[in-house]
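Report on one structure; see the data block that follows.
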Amino acid sequence: MKTLIKNGTVVNATGTARADVLIDGETIAAVLAPGSSLLGFDIERNVDTVIDAGGKYVIPGGIDAHTHMQMPFGGTEASDTFETGTRAAAHGGTTSIVDFVVQYAGENVIDQYKLWHEKALGNCAIDYGFHQILSDVQDSSLTAMDELVAEGVSSFKLFMAYKGVFLSDDGQIVKAMQRASDNGSMIMMHAENGSVIDLLVQQSLAAGKTAPFYHGITRPWQAEEEATHRAIMLANLTGAPLYIVHVSAKQAVEQIALARDNGQNVFGETCPQYLYLSLEDQLGASSEEWGDFEGAKWVCSTPLRSKAEGHQHHMWQSLRTNDIQMVSTDHCPFCMKGQKDMGLTDFSKIPNGIGSVEHRMDLLYQGVVDKKITLERWVEVCSTTPARMFGMYGKKGVIQPGADADVVIYDPNGHTSIGMPTDAHGAPTGRTHHMNMDYSAWEGYEIDGHVDTVLSRGKVIVDNNQYLGRKGDGQFVKRGLSQYLI
Ligand code: URP
Ligand code: ZN
Ligand code: ZN
Ligand code: ZN
């Protein structure tokens, strides 16, 4: 099966050019000057399918390196399965995810890893890799780290918060970092000072401050900055590469930038919610249905930050200047009914997480339209850097011969309305997202662009909002070590 994508504008992280893309089977065979022939051979007449991408961008498929499909968490389970979540991702122009295998304190790491393979196998619409979460690091976890690197799982997430659930103490963190320094893997850090947060939460609840808004108040930027700094120092001590996940505070960005200036292998990820949504939005949120519990829709950790304090503005700027390297969603969806509402009278019982896997490419493209980042930077932070950061570049993250034909045709003259509006009786009024959620954290967002066609390893899986793929199309990606390390 050969496909020619003609007349498009190919956008890579390194530059933009008018070019035709020839796909042979699952792979990009050639990137050619528009309308060119190969040694007198008329390409267009010798392919099975021609897609006209005139006036549109042809970009490498998005890579969302931070998702939690069907993750057991907060007394419930994230509402997207590997099937629904990856299908939604495909609709939004994302062609690979890296999801987190969870080891809770006391569980066996390798058993959990096998369990996650069982969950994903045969269910995914797009390719998927795994990071491994290590909770409460034990000696057995260290040997598991070596085994997993050999399996293509080259990154490990540790937590400085969520005591009794995920948290590792500083000694455990150092042990895991020493091992990462030896085997070349990446340490990913949830950088928030958990004991400080636990205290503030208890004090808030005791004072009767139980509404969702207090989730953010009890997770202040100081707790993020302090933990980010501590993680950086522990990584410095051990020589481990460090990737800070879901950065939301400008002060945490400053710590990352300082470490990078000092030559340390430290990287930062932010998420669409920290670029667009704010604590003020959450405070002001109220609805007929939920009252001020409406704010639960945006309860995630790290929390939304104050716009007045300038975090959002700083985050866009950091993305442009490479103080922050990439954008993932931290897709961790929960429904309001039956999940978020477990915290109706106590914000600390609201499962933490926001669902955005379908919207990342669009939300970041709006940053191009709004002149916050360039077109090439959009591709870089959404696809190329995630591929490089997590050992997939060459196959993923670039339009070039030999790469997997994971390609998105994006229409800059198109339009995307995000959300799932309902009529007065709560019935959907037409357009809706594809994530398995009963609300949208992004209701009402309008994007000046549109994902037209999505190819996953050469197969068209989405065309003009229609899903044409099948569950099980997606394959496990065995990753190498980070390509940012020398
Ligand atoms: O609120 C969040 N981020 N939920 C997912 C778990 C995590 O810490 O990434
Ligand atoms: Zn986290
Ligand atoms: Zn997460
Ligand atoms: Zn369109």
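Pairs over the 24 Å Cα-Cα cut-off, from the set K119/K478; K297/K349; K395/K471; K6/K396; K163/K337: K163/K337.
Computed packing ranks the peptides 226-235, 335-344 as 226-235, 335-344, most packed first, by mean other Cβ atoms within 10 Å. Stretching the chain fully between M233 and D463 yields a gain of 78.1 nm (0.36 nm per residue, less the alpha carbon separation). From most to least packed by mean Cβ count within 10 Å, the peptides 449-455, 346-352, 105-111 give 449-455, 346-352, 105-111. Rounded to 0.05, the FRET efficiency of the H313 and D261 pair, given R0 = 30 Å and the Cβ-Cβ distance, is 0.90. With only Cα atoms counted, the chain has Rg and Dmax values of 21.8, 79 Å.
One decimal place: the segment D139-Q202 gains 19.4 nm when fully extended, by the rule 0.36 nm per residue minus the C-alpha distance. The C-alpha atoms of segment 220-331 occupy a region whose extents along the principal axes are 53, 25, 24 Å, arranged from largest to smallest. In a DSSP loop and with at most 12 other Cβ atoms within 10 Å, the trypsin sites (Lys or Arg not before Pro) in segment 427-482 are R431, R470.
For the listed peptides 403-411, 29-37, a ranking on the average number of other beta carbons within 10 Å per residue, highest first, reads 403-411, 29-37.
Ordered from longest to shortest, the equivalent ellipsoid semi-axes for segment 265-417 are 31, 17, 16 Å, each the square root of 5 times a Cα gyration tensor eigenvalue. Each residue of segment 28-38 was assigned a 3J(HN,Hα) from its phi angle through the Karplus expression (A = 6.51, B = -1.76, C = 1.60, θ = phi - 60°), giving 6, 8, 7, 10, 10, 4, x, x, 6, 10, 9 Hz with x at Gly and Pro. Measuring r between the beta carbons of D170 and L344 and using R0 = 41 Å, the FRET efficiency lands at 0.70. Summarising the strand pairing of segment 62-390, around 10 percent of its internal DSSP beta bridges are antiparallel.
How much length is gained on full extension from H117 to E280, taking 0.36 nm per residue of separation minus their Cα-Cα distance?
Here the segment from H117 to E280 would lengthen by 54.7 nm.
Secondary-structure-derived ellipticity at 222 nm for the chain, considering helices only, amounts to -8500 deg cm²/dmol, per-run term -39500 (n - 2.57) for DSSP H runs with n ≥ 4.
Segment 286-329 and segment 447-469 have Cα centres spaced 28 Å apart.
Roughly how many Å is it from the Cα centre of segment 354-412 to that of segment 69-99, as a whole number? Here the answer is 18 Å between Cα centres.
Each value in this text was obtained by applying a stated rule to the coordinates, not by laboratory testing. In this text the structure is predicted, and so the values were computed from the model without any measurement. Note that we place each Cβ from the backbone using ideal geometry, even for glycine, and neighbour counts take in every protein chain shown.
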